[in-house]
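Okay, structure first, notes after.
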Amino acid sequence: MKKRTGKETLIRVLVLLAGLTIAHLGVTLFLLADLGADPFNVLVQGIFRTLSRVPGFQALTHGYTHIAICFLIILVLLVVDRSYIKIGTILCMICGGPIIDFFTGFLGPLFSEGGSLWIKIPVLAAGCVILAFGMTIVIKSDAGTGPNDLVALVISDKSHAKFSLVRVLVDVSFVAAGFLLGGVFGIGTLICAGLVGPVAGFLLPRSEKIVTGILAKCSL
């Protein structure tokens, strides 16, 4: 395998951060639509609610539960195939929250509680498409992928199954497990579970061309 130069690594990380920003713009739109949590956060919510009833875990928060699950995924990958864990995996963990906070502060005033469902559903669908696009840019940057997205990616790679199908199955599994543990989902969760995977599968080869083009222009 060709060893990457420092310049190439920097460009790939910048591409990842661009994709991460796009993806979390989509997440922000999804959250502002207020029609249900995304599949992974239904799982996080279910685990959080279950653990918070256990003595000694009352101080646990949703955020800390999210981080703990991501770390658990990383630990599993260290055993399964550590090559998937890169600098971008860590960046995805620590940068996602601040990006969402920024977009929420910027776009939040445009959304009002109890808004029309006919506005919320298109906003949510747009958020899912934007999320899928940003996610594929992150994946094709080859600088690392967020731990929760790595679950579907690793299963797809190891099983040689279509990423779109695996993503849907993984999202459904997240929702089912989270719901059984006490998590709450809504119509937005179902739309996200059924839309993000197929859109990401469609966009992956196109995002690869975009990233390849950026690297070529930078003479890498």
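Return the residues of the stretch 174-190 that are part of a helix (DSSP H, G or I) and surrounded by 20 or more Cβ atoms within 10 Å (Cβ to Cβ); say none if nothing qualifies. Spell out the reasoning first.
Of the stretch 174-190, the ones part of a helix (DSSP H, G or I) are 174-180, 187-190.
Once the filter is applied, which keeps residues that are part of a helix (DSSP H, G or I) and surrounded by 20 or more Cβ atoms within 10 Å (Cβ to Cβ), the stretch 174-190 yields Phe174, Val175, Gly178, Gly188, Thr189.
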Report summary line: The condition of being open to solvent by less than 80 Å² (accessible area, probe 1.4 Å), more than 25 Å from Lys158 (Cα to Cα) and either of a type outside the set (Ser, Thr, Tyr) or touching a Ser or Thr at 6+ places or on another chain (Cβ under 8 Å) (or both) holds, among Gly56, Gly88, only for Gly56
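Any residue that is of a type in the set (Lys, Arg), assigned to a helix (DSSP H, G or I) and either touching a Leu at 6+ places or on another chain (Cβ under 8 Å) or within 27 Å of Gln45 (Cα to Cα) (or both) - is there at least one of those in the stretch 196-216?
no
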Report task. Take Ala33 and decide whether it is of a type in the set (Gly, Ala, Ser), within 18 Å of the chain's Cα centre (by Cα), under 21 Å from Ile99 (Cβ atoms) and modelled with pLDDT under 80. Result -> no
Query raised in the report: Scanning for something more than 18 Å from the chain's Cα centre (by Cα), closer than 16 Å to Leu150 by Cα and loosely packed, with under 15 Cβ neighbours inside 10 Å, does the stretch 2-20 turn up at least one residue?
Result: no
Query - Filter result for the condition that a residue is assigned to a helix (DSSP H, G or I), of a type in the set (Asp, Glu) and open to solvent by less than 20 Å² (accessible area, probe 1.4 Å), over Asp157, Asp171, Asp149 - result: Asp171
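Is it true that some residue in the stretch 105-117 is within 12 Å of the chain's Cα centre (by Cα), at pLDDT below 90 and either assigned to a helix (DSSP H, G or I) or not aromatic (Phe, Trp, Tyr) (or both)? Full working, then the answer.
If we filter the stretch 105-117 for residues that are within 12 Å of the chain's Cα centre (by Cα), which is where we start, we get none.
The answer is no; no qualifying residue exists.
From the list Leu124, Leu110, Leu131, pick out the single residue that is exposed (fewer than 15 other Cβ atoms within 10 Å of the Cβ) and within 14 Å of Leu29 (Cα to Cα).
Working: Leu124 fails: exposed (fewer than 15 other Cβ atoms within 10 Å of the Cβ); Leu131 fails: exposed (fewer than 15 other Cβ atoms within 10 Å of the Cβ).
Within the list Leu124, Leu110, Leu131, the selection yields Leu110.
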Query raised in the report: For Ala143, all conditions in the list (1) open to solvent by less than 30 Å² (accessible area, probe 1.4 Å); (2) in a helix (DSSP H, G or I) hold save one; what is the number of the exception?
Result: (2)
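The values are calculated or read from the model by the stated rules, or taken from the named source; none is laboratory data. Here the structure is a predicted model, which means the values were calculated and not measured. Glycine gets a Cβ as well: all are built from the backbone with ideal geometry, and neighbour counts include every protein chain shown. Only protein heavy atoms, including side chains, enter the accessible area calculation; ligands, DNA and RNA are left aside. Shrake-Rupley method; radii C 1.70, N 1.55, O 1.52, S 1.80 Å.
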